[in-house]
Amino acid sequence: MSDLALPATISAAPPRRRRVRLPPLVIFAIGWLSLMLLTAFAADLVAPYPYTALDLRNRLSPPVFMGGTWLHPLGTDELGRDVLSRLIVSIRMSLLIAFGATAIGAILGVTLGFLAAHFRGAAEQAVLALVDFQASMPFLILALAVLAFFGNSLPLFICLLGLHGWERYARIARGLAVSASSQGYAAAVVQLGASPWRVYTRHVLPNIASTLIVSMTLAFPEIILLESGLSFLGLGVQPPLTSLGNMVGYGREYLTRAPWILLAPSCVIVLTTLSVSLLGDWLRDRLDPTLR
Amino acid sequence: MVRFLGLRLARALLTLVLVVTFAFIVLRLSGDPALLIMSADAPPEAIAAFRQAWGLDDPVWQQYLRYFTAIFRGDLGQSMRDGRPAIELVAERVPATLALTLPALAMKIGLGIPAGIYAALHRNSFADRAVMLLAVAGFTVPSFVLGLLLVLVFAVQLGWLPSGGQDSWRHAILPVLTLGIGGAAVLARFTRSAMLEVLGQPYMRTALAKGVPWHVAVRRHALPNAAIPTVTIVGFMVGSLLAGAVVVESVFSWPGVGRLLVVAVANRDLAVVQCILLLVATTMVSANLIVDLLYGALDPRLRAQAKGANG
């Protein structure tokens, strides 16, 4: 039952500690994301075959529910590689990229935002000009340009996607840090002799963390979509490595004969972005109603 | 007002300068252009001559200035693949892209904005829930998945429409649908939240308390105010008319700017990439500028502010 009955003792507790009643969609989202995380962490244990293993006798075999065998539950591609195993490894790759890129974006944006708030003046104007520039260009085009100029490698690709959305964190961090410094608590610790580093990391950051977390959950699905889009175009994750977008791009060649190659990763992409979005919306409503 | 316009214009120019600088820096960081354009095993004299000819031995700031003046003269270099001017290659692809993105834009606006307004006015109704569900789905389904699903259903299974290419107007239906559905969802979601915010404002309550009928209050007070944030996102969509179809053009093998960009990136045809980058930046910046001007027209408060700052 999703109905979380309140134990009698809780009602005496202060109202903020009341049990949160989760909407069913959010429960679904959490469940799906947990499944994805588990899959990603245990990819090597869960995958029935190595993701590059060929099974030439069972090429293009359909998944179980389309008349295939349990040997390859989600079917195989035209080299006889197990779709399920590739899917599991792709999930790990896509999540790794999305987490890495989200973290890089958040750290970069928050740092620049704090620097702008701390130094004001020219530094602030420079950061704001960069923010305007980033916000006014479609990120996909910038990313493609960088890929054209620098070629592609996995670390570069992750860093590049990390540039997505930094401007939003910078804007938020700067605005909140400016208002925090006028609120007294920051001034108080400065008066006590705290270094700027200490003020920002120990006092300002925890105060704006909830807003940042919400923006991260909103940026995360965008990064998954961006990664899969670039990989789909053949400009993201390069073979033999595989990611969800990569699988879709590859499966597109077999759209008529073996649609399952493409449908399995597509479903995972859609369900994952949907889950993170649902969770993000819900977190936003709970933690920070001021955002948008 | 003049000051307001001047500031906006200055910011637009600054963004363009930043884009050019970005292209320059990235181009220089990506390695020695001499080695990149000539092959690595070219004789050293040839490389030296090339560097001499293109001024690669000059100080960086001189190269930067030269780069700038060349761009202002419209000289964006030649495609490395067939030696034609990059700007020509790009220009001949523009109509094909617009043939997709303009109808898609009309679809986004025609479907998204009314749906968003309707959902906001009937908050928590069945229609609202349905619109929001579709909007979330439209946002989370990536365009290539949506495009391929449409191909799978309408081209492969039903055989009604062609799956790719650019021979007749029927070829454009699926790509336009793919672009339009996703964009309409985003716009509906955005319009709805803008409307909801406006509907909760005190001036709405004041108007209703004065006895203004609901539909008049919505038309006279809510819609104009909600238009302001909505115009921003429509402006972004107008700005990405050229760049917004990269993935969809690839899905449907549509020979537009996006397809050209993907091929150019794969071949590292830097002149073409740079040309598209500048073109997209220019459209984007112009669209933003128009949006800023529209703000002035839509929002008397901004005009008053600008006047106040002026005098």
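The values are calculated or read from the model by the stated rules, or taken from the named source; none is laboratory data. All of these numbers come straight from a predicted model, not from anything done at the bench. Every residue, glycine as well, gets a Cβ built from its backbone with ideal geometry; the counts of neighbours run over all protein chains shown.
Here are a few things to note about the model shown:
- Taken over the range A:136-155, residues that are more than 7 Å from every other protein chain (Cβ to nearest Cβ), under 16 Å from residue B:280 (Cβ atoms) and either within 19 Å of the chain's Cα centre (by Cα) or basic (Lys, Arg) (or both) amount to 2.
Conditions (1) of a type in the set (Phe, Trp, Tyr); (2) closer than 28 Å to residue B:231 by Cα; (3) in the same structural domain as residue B:189 (by TED's automatic domain parsing), marked per residue:
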| position | (1), (2), (3) |
| --- | --- |
| B:72 | yes, no, no |
| B:86 | no, no, no |
| B:110 | no, yes, yes |
| B:113 | no, yes, yes |
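- Counting only helices (runs of 4 or more DSSP H) wholly contained in the range A:163-237, the ones carrying 2 or more residues that are under 30 Å from residue B:144 (Cβ atoms) occupy A:166-181, A:205-232.
- Residue list for the range B:243-271, filter: of a type outside the set (Gly, Ala, Ser) and facing chain A (nearest Cβ under 9 Å): B:246, B:247, B:251, B:261, B:262, B:265, B:267, B:268, B:269, B:270
- Listed here are the helices (runs of 4 or more DSSP H) enclosed by the range B:131-235 that have at least 2 residues being over 24 Å from residue B:251 (Cβ atoms) and at the interface with chain A (Cβ under 10 Å from one of its Cβ atoms): B:169-199.
- Tally of residues being of a type in the set (S, T, N, Q) and in a helix (DSSP H, G or I) across the range A:111-157: 4
- When the residues of the range B:281-303 are filtered to those that are within 14 Å of chain A (Cβ to nearest Cβ) and among the aliphatic types (A, V, I, L, M), the one that is farthest from residue B:232 (Cα to Cα) is B:281.
- All positions within the range B:13-39 that are at pLDDT 65 or above, surrounded by 14 or more Cβ atoms within 10 Å (Cβ to Cβ) and more than 9 Å from chain A (Cβ to nearest Cβ): B:16, B:20, B:21, B:24, B:28
- Considering the range A:227-254, and only residues there that are hydrophobic (A, V, I, L, M, F, W, C) and out of contact with any helix residue (DSSP H, G or I) (no Cβ under 6 Å at 6 or more places or on another chain), the residue that is nearest to residue B:145 (Cα to Cα) turns out to be A:230.
- Checked against the criterion of being of a type in the set (Lys, Arg), farther than 26 Å from residue B:270 by Cα and in contact (Cβ under 8 Å) with a residue 12 or more places away in the chain, the range B:88-96 has no qualifying residue.
- Checked against (1) exposed (fewer than 15 other Cβ atoms within 10 Å of the Cβ); (2) under 23 Å from residue B:29 (Cα atoms); (3) not acidic (Asp, Glu), residue A:187 passes all but condition (2).
- Top-ranked residue in the range A:250-264 [being within 8 Å of chain B (Cβ to nearest Cβ) and part of a helix (DSSP H, G or I); ranked as nearest to residue A:83 (Cα to Cα)]: A:262
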